[in-house]
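Values quoted throughout were computed directly from the atomic coordinates according to the rules given, and no laboratory measurement underlies them. Note that this is a predicted model, so its numbers are computed, not measured. Cβ: placed from backbone, ideal geometry, glycine included. Neighbour counts: every protein chain shown.
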Amino acid sequence: MERYLGDLKTGEWARVERIDGGGALRRRMMDMGIVPGVELEVVRHAPFGGPLQVRLKGYYLAMRRGECAKIIVTEKDPQYTDHLLASR
Amino acid sequence: MKIALIGNPNVGKSTIFNALTGSNQQVGNWAGKTVERKSGVLQRANQTIELIDLPGTYSLTAYSQEEIITREYILRERPDVVMAMVDASNIERNLYLVLQILELVPRIVIGLNMMDLAHSAGISIESSKLASALKVPVVEIVAAKGKGIEEFLSEAIRVGSMASDPLPVEVSYPADLEQKIQAMELLLVDTPWVTTYPLRWLAIKCLERDPEIGQKWSISSTKLPVNKTVNSCCNNGDPVSYELQEVAELPGESLLAKYEEDGWTQDHFEMAIADAKYRYISSILPQFRKHENPNKPTLTDRLDSWILSPFWGYPIMLVILALVFWMSFIASAPLGGAVSLGMAWVADIVVGLLQWGQAPEFVQSLVRDGIFAGVGAVLAFVPQIAIFFAFFHLCRIAVI
Ligand SMILES: Nc1nc2c(ncn2[C@@H]2O[C@H](COP(=O)(O)OP(=O)(O)O)[C@@H](O)[C@H]2O)c(=O)[nH]1
Ligand SMILES: [Mg+2]
């Protein structure tokens, strides 16, 4: 089932399927490690529609809701075990 | 010798830069940009070294000011060796930048910083294994404590003065992408561009339709004399600026058009290349990184779960603000009173001395009402301000 990253609940894991749109924002996301196949967790939502904090590849990243709406995710792979907690 | 410090934001570049250059720094701006340009001169083993502190960046593409400055510096000013700073506690994302630098310049040394943070997060990195995985020298450092900085520099000088370029690893791309890179390489191999850029990097950038490719630049340098410490407030800045000489057409347009028909658009190439680099990092990671108890929350995690909780966050914030307010305005009041009393007491003694010395009345008045009463009124605020700034500073470093 495909969903937007912004629709995930706190504590949910998902796998990045693709990033819609192009240009600088997409490039920046790729440079931060958000590439198809990567698994990430929504750690918390800021109140009043503020940014959300995600965890991937052992680090934290904060993203605006609007940016998350461009990231399409699916259920995580049950085989995938590399769920590191962030150290930064 | 020209050495450049490169790395993600907040990896400790400026800490190293300041430790190495001390007060011998030139601060200006990058031509036409609002980003600070910091360079410094140092002397090691009869060599004059120009060290430059580049702005922090995650990538070497052309999308933000910091990225553009960093890659323009490497491409146009050509440092002899790059000191690549890596955050050991966040090594995957940091190595992504290192791989990009490696495609562009073979002479690099990795400084593995934040070893203390990595250690407390249960991460151990074997720097010798990392070095052999990338075929690049690696020096462990804790910049904040001054550990390993000289070793990092001397390793950089050694690599910078090598007679021939070292051969670091090449990222292995998936077969379909690799074949397209090689087809592009074939078209470029006989052009004069390969004398200025590494062939593989040039081919990849052509596939990504990077605007830099094909441009010829000249550098006009209005350099201030070296060794002169310039006051940052009054510096005229912009010591170096670039001028576009010509834009050349590169071969490969028809090849790119053919790929685009097959769905390999610019976006597709960018994604595939970024993806391949991250996959490559994941594949070599187990060789040098061990993560003990990866599911054990760190101190920051545990604090965050309270301070950033949707429920407890607000009361905790109010309590902290109330505490700062109380300490600065109410708890500091007796201290301010004590300062006033102390000033009045000293004023009495000084005026007593003046009377004893039969100083004229206007001098006594000046000292009593002007100097002591005036300055005392200001000094009475010092405890309040000091306490407030102490908290302010605490909040600032807590953020980092
Ligand atoms: N724990 C720890 N902190 C460090 C280390 N090196 C630098 N820092 C801190 O990291 C922060 C960012 O450093 P800075 O040099 O400004 O990074 P830059 O953005 O790369 O120039 C500063 O607060 C430094 O004190 C280190 O080895 N360990
Ligand atoms: Mg800095």
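Ranked by Cβ crowding within 10 angstrom, fewest neighbours first, how are B:Ser254, B:Ser328 ordered?
Placing the least packed residue first, the sequence is B:Ser254, B:Ser328.
Work out, in µm²/s and without decimals, the Stokes-Einstein translational diffusion coefficient of region B:313-399 at 4 °C, 1.567 mPa s, Rh from Kirkwood over C-alpha pairs.
The estimated diffusion coefficient comes to 85 µm²/s.
May I ask you to sort B:Glu243, B:Glu155 by Cβ crowding, counting other Cβ atoms within 10 Å and putting the fewest first?
Fewest to most other Cβ atoms nearby, the residues stand as B:Glu243, B:Glu155.
For all pairs of alpha-carbon atoms in chain B, what percent lies in each bin of width 10 Å, listed from the first bin to the last filled one?
4, 17, 22, 20, 15, 10, 6, 4, 2, 1, 0
Compute from the Cα atoms of region B:45-170 the Rg and the Dmax, the latter being the longest Cα-Cα distance, and quote both in angstrom.
Radius of gyration, then largest Cα-Cα span, for region B:45-170: 14.3, 42 Å.
Once you've got the GNM for chain B with C-alpha springs shorter than 10 Å, pick whichever of B:Leu99, B:Leu188, B:Leu354 has the biggest mean-square fluctuation.
Maximum fluctuation in the GNM of chain B, among the listed residues, is at B:Leu354.
Would you look at the GNM of chain B, springs on alpha carbons closer than 10 Å, and say which of B:Gly336, B:Gly352, B:Gly160 moves the most?
Of B:Gly336, B:Gly352, B:Gly160, the Gaussian network model singles out B:Gly352 as fluctuating most.
How much length is gained if the chain between B:Ala248 and B:Phe381 is pulled fully straight, taking 0.36 nm per residue apart and subtracting their Cα-Cα distance, in nm to one decimal?
41.3 nm
Counting other Cβ atoms within 10 Å, keep those with at most 14, restrict to DSSP loop, and tell me which GluC sites (Glu not before Pro) in region B:156-204 are left.
Passing both the DSSP loop test and the Cβ count: B:Glu170.
What Kirkwood Rh does region B:169-220 have if only Cα atoms enter the pairwise 1/r average? Answer in Å.
So the Kirkwood estimate lands at 11.9 Å.
Given the protein assembly as shown, report the % of alpha carbon pairs whose separation exceeds 37 Å.
42
Just to confirm the number: angle between the C-alpha axis of helix B:333-356 and the first principal axis of chain B, 0 to 90 degrees, nearest 10?
50
Find how much the distance from B:Arg209 to B:Leu303 grows on full extension, using 0.36 nm per residue of separation minus their present alpha carbon separation; answer in nm with one decimal.
That works out to 29.3 nm of additional length.
Expressed as a fraction of 2.2 N^0.38 Å, the rule-of-thumb size for a compact globular protein of N residues, what is the C-alpha radius of gyration of chain A?
In units of the globular-protein estimate, chain A measures up at 0.99.
Once the mean 1/r over all distinct Cα pairs of region B:239-368 is inverted, what Kirkwood radius in angstroms do you read off?
It is 25.0 Å.
Per q in 0.12, 0.13, 0.23, 0.26 Å⁻¹, report the Debye log10 I(q)/I(0) for region B:101-175, using one uniform scatterer on each alpha carbon and no solvent.
Rounded to two decimals, the profile gives -0.39, -0.45, -1.09, -1.23.
Can you give the helix-only mean residue ellipticity at 222 nm for the protein assembly as shown, where every DSSP H stretch with n ≥ 4 adds -39500 (n - 2.57) and the sum goes over all residues, rounded to the nearest 500 deg cm²/dmol?
Helices in the protein assembly as shown give a 222 nm mean residue ellipticity of -12500 deg cm²/dmol.
What FRET efficiency do you get for A:Ala46 and B:Arg78 if R0 is 56 Å and r is their Cβ-Cβ distance, rounded to the nearest 0.05?
E between A:Ala46 and B:Arg78, to the nearest 0.05, is 0.80.
Cα axis of helix B:91-104 to longest principal axis of chain B: angle in degrees, 0 to 90, nearest 10?
Value to nearest ten degrees: 60.
Which of the residue pairs A:Lys76/B:Lys277; B:Lys129/B:Lys290; B:Lys2/B:Lys129; A:Lys57/B:Lys290; A:Lys57/B:Lys147; A:Lys57/B:Lys205 have a Cα-Cα distance greater than 18 Å in the structure shown?
Too far apart for the 18 Å limit: A:Lys76/B:Lys277; B:Lys2/B:Lys129; A:Lys57/B:Lys147; A:Lys57/B:Lys205.
Compute the FRET efficiency between B:Ile330 and B:Asn24 as 1/(1 + (r/R0)^6), taking r as their Cβ-Cβ distance and R0 = 51 Å, and round to the nearest 0.05.
Between B:Ile330 and B:Asn24 the formula returns 0.65.
For an R0 of 45 angstrom, estimate the FRET efficiency from the Cβ-Cβ distance between A:Ala24 and B:Phe389 and round to the nearest 0.05.
After rounding to 0.05, the efficiency reads 0.70.
Pairing the Cα long axis of helix B:382-399 with the longest principal axis of chain B, what angle in degrees results, from 0 to 90 and rounded to the nearest 10?
20
If the reach is capped at under 18 angstrom between alpha carbons, list the aspartates and glutamates near B:Lys180, excluding any in the same chain fewer than eight residues apart.
Hits, sequence-local ones excluded: B:Glu103, B:Glu170, B:Asp190, B:Glu208, B:Asp210, B:Glu253, B:Glu260, B:Glu261, B:Asp262, B:Asp267, B:Glu270, B:Asp275.
Evaluate peptide A:27-40: per residue, the Cβ atoms of other protein chains within 10 Å of its Cβ; return the mean as an integer.
The shielding value for this peptide is 6.
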